[in-house]
Structure formats: structure tokens, C-alpha cells
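Rule-based calculations on the coordinates, nothing more; no lab input. Bear in mind that the values here come from a model prediction, so they are computed numbers and not experimental data. Neighbour counts are summed over all protein chains in view; Cβ atoms, including those assigned to glycine, are modelled from backbone coordinates with ideal geometry.
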């Protein structure tokens, strides 16, 4: 159960930091080159904390797709990109919640 709390804490911190950077405008969505750096760093940090599971890697990837697509939905009004980002955000949210449920069942 401790690993679940640690995982959720790291996801909250990571999500709030990256969302703040994107929404504040200091890092445009088209110039995100830090994502390939953040994702392995998050995976390595969780492995260091003895939370090593394939589910955590998928959770991290789904979280990154949600973080990138959700703030952009507020910027794009009615375009084909809106529906594409809405689909990506919806699928990422469903995948994230499913694997989070599987991870909770695994830790009990």
C-alpha cells in the first residue's frame, strides 16, 4: 500500500509541474522535447523506490499523454485537432484508470 501512495504522490507532483509549465506558456506544446527526458526519469525514480512493474510504465505513459492533450483542449476551439486531442485524452484517461485499478488490486 505504501508503494501505491508513493506512486500517486509522484504522479501528482509530475502532473502539476508539467501542466503548470504548459499552461503558463513558458513552454509551448510544439517545443516539448523534455517529455522524452521526464518519462524515463520518472520510471527510473519509481524503480529506485522499489516500485518496479510494467503497469507503472504504462501508467506513466498514459499520464504524459493526458497532460499534453488536456491543456490543449482549452486552446483549440472547433477543429479536427480538437476531436483528435479529445480522443487521445479520453483513451489515455481510460487506460490510466484501468491500470491504476489493476495496480491497486496487485498491491492488496
Extension reserve of the residue 75-residue 12 stretch, reckoned as 0.36 nm per residue once the Cα distance is removed: 20.4 nm
Starting with the highest mean, order 58-66, 85-93 by the number of other Cβ atoms within 10 Å, averaged over the residues of each peptide. 58-66, 85-93
If I take R0 = 30 Å and measure r between the Cβ atoms of residue 93 and residue 41 in this structure, what FRET efficiency does the formula 1/(1 + (r/R0)^6) give, to the nearest 0.05? 0.85
